[in-house]
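Note sheet for the following structure.
Quick note: the coordinates plus some simple rules give every number you see, no bench work behind them. Only a predicted model underlies this, so the values are computations on that prediction, with no experimental measurement involved.
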Amino acid sequence: MSYELSAICHQLLPLAHEPIPMSQPTIEIIVKKIRNILDGYPHIIFAAVFGSAAHNRLTPLSDVDIAAAGNRLLTYEEKIDLSLSLSRSLRHEVDLIDLQAVSGLILQQALCSGEIILNRSPVLYASLLKKMLYNQADMMPHTKMILKKSCQRFISG
């Protein structure tokens with residue numbers, strides 16, 4: 001029995017390493033679909049896609065990272081509704097972040113390595129960039145120091 005199972009596994013093993021033959025949407029298609037959905041959400045005035053989708057590295061198992069912002073924090077209900085609408089349209093799970101609620105590296109990643117989809121307010125975009133830069137100037141030296149000390153403690157035992 002063990003030999004038979006082993007033989008079956010060896011036959012199937014090459015299949016596990018073959019790419020799944022599914023075409024994934026390009027960034028242009030993703031942006032178009034997101035813009036179409038955001039047309040129904042006028043309170044969202046800035047949005048960007050970042051992560052693997054923004055760099056055309058989306059796989060069938062990837063989620064789509066989307067950052068959005070309005071003039072205020074999005075409510076829980078707004079985030080759920082928007083996330084579900086985007087997931088249905090993109091046919092991928094969506095990781096939606098509210099840029100008004102985050103700071104640090106996630107804000108930097110969304111603003112600097114992402115593709116801007118919607119910018120109805122240059123003033124809001126400027127304030128998000130300012131928030132990111134202030135965080136870089138104020139918090140990153142402390143964060144780096146804490147990480148350095150944690151690494152030293154780990155190495156020292």
Open item on the list: Could you identify which residue out of 49, 123, 102 has the top mean-square fluctuation in a GNM of the chain using Cα springs shorter than 10 Å?
Closed with: 123
Task: Rg and Dmax [Cα atoms of the chain; Å; Rg one decimal, Dmax integer] - done: 20.8, 69
Open item on the list: On C-alpha positions alone, give me the angle between the axis of helix 76-90 and the longest principal axis of the chain, in degrees, nearest 10.
Closed with: 50
